Amino acid sequence: MAQDETNPGDASGGAGGESTLTVLVATGVNALIAVLKFVAGALTGSAAMFAEAAHSVADTATELLLLTALRQSARRPDRRHPFGYGKARFFWALIAAVSIFVSGAVFAFFEGIRAMLGSDAEQTLAWVAYAVLGVSFLLESISWLQAVRQVRRESAREGVGFRAWLRTTDDPTVKSVFFEDSAALIGLLLAFAGVGLHQLTGSGFWDGLASVLIGALLTGVAFILGRTNAGLLIGRQADLRTVYAFRDALAARPEVDQVVDLLTMTVGTDEVLLCARLDFDDALDVAALERACVEIDADLHARFPDLQEVFLEPVPRADPTMRQRVLERYGGAGAQRLRDGLGQDRGRGGDKWGAPPS
């Protein structure tokens, strides 16, 4: 959730369009590179080149799945899905992560092991492999730079570091493109080394080893992206700075004596669900309590545009059952911080509420 000092919940309206541009650039680049690599692999017989071709095919399929994710997640809420379709982006991004492993890593492992255990084959037209790898590196760099630019803009908008944004973002499309393109650039260097060592030594072992390393690289990327999207699908809380901002906004209301419990869930990219249990001023009558809930809801939506739905529940702060549930969820220090205030802790990397999500 994008935040700034004047409006902690404000998000850029163009983020979705920029994510689409980033994915479209990556799709076109990877499709072209896949064709070039397959041609080079057929001409040179290089296992590393075939592994890289499979890598690019996997990336192209991934980008198509991410485009599906962007389109599906933009659908408006309806009767059957009252909280919207935001999590469709997480689902398709998870499928994309699986496709990286199935269509890329497995093929790279197979080709690499076959080359390492087979008889040495003479390498032909090595210059074709070098030329294709060079052109591929240039094209991949274009896609990678577009992803880097977007990550830098988004992290600057939210006031966090580059790596912190990648670790905590709820936009899996940009994160997927960044990691895929980073892996692609590293994979090209590995393929270049494999082809070069094969040419220098006459042994296909090095070519096969490069292919196996490319497979390991793809497996690592698939694991990182799969874990991220699984966490978002299961139901991850909003980032800690946003939780703090919600708590401070509620505690500042004159009708609220104490914030007893606070639950948030990311239901889509830049979409958050908030459930708050509040101990209201005992002097409020029923009509005043109803008006207070309506005004708090309107105020929160005005201050936090990414806030999708707000649920408020009046509860007594001394209720032992409620207190026990809060203690079990946050621990003693977290429950104390919920009562006393969180504003002074903003900007820290983690706290007793739990480490920032990966």
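What follows is calculated from the coordinates using simple rules that are stated; it is not laboratory data. Keep in mind that this is a model prediction, so the values were computed, not measured. In this analysis, Cβ positions are derived from the backbone assuming ideal geometry, glycine residues included, and neighbour counts consider all displayed protein chains.
Structure summary
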read-out: Relative contact order [Cα under 8 Å, 6+ residues apart], the chain, whole percent; value: 21
read-out: Separation between Cα centres of region 267-324 and region 16-94, rounded to whole Å; value: 40
read-out: 222 nm mean residue ellipticity, helices alone, for the chain (DSSP H n ≥ 4; -39,500 (n - 2.57); rounded to 500); value: -22500 deg cm²/dmol
read-out: Reference-scaled alpha-carbon Rg (2.2 N^0.38 Å with N residues) for region 15-234; value: 1.08
read-out: Sequence ranges 270-276, 250-256, ranked by mean other-Cβ count within 10 angstrom, highest first; value: 270-276, 250-256
read-out: Shape metrics for region 110-214, restricted to C-alpha atoms - Rg then Dmax, Å; value: 17.8, 55
read-out: Highest to lowest packing among 290-303, 198-211, 147-160, scored as the average C-beta count within 10 Å; value: 198-211, 147-160, 290-303
read-out: Cα point-scatterer Debye curve for region 242-311, base-10 log of I(q)/I(0) at q = 0.13, 0.14, 0.16, 0.27 Å⁻¹; value: -0.35, -0.40, -0.52, -1.34
read-out: Cut-off under 5 Å, modelled amide H: who pairs with V267 long-range; value: V272, L273
read-out: Average Cα contact separation per residue, region 240-345, under 8 Å, 6 or more apart, as relative contact order %; value: 32
read-out: Span-like helix ranges in the chain, DSSP H, alpha carbon extent 18 angstrom or more, Kyte mean at least -0.5; value: 15-44, 47-73, 126-158, 172-201, 205-234, 286-303
read-out: Charge dipole magnitude, Cβ of K and R +1, D and E -1 - region 15-234, Cα centre, debye nearest 20; value: 1080
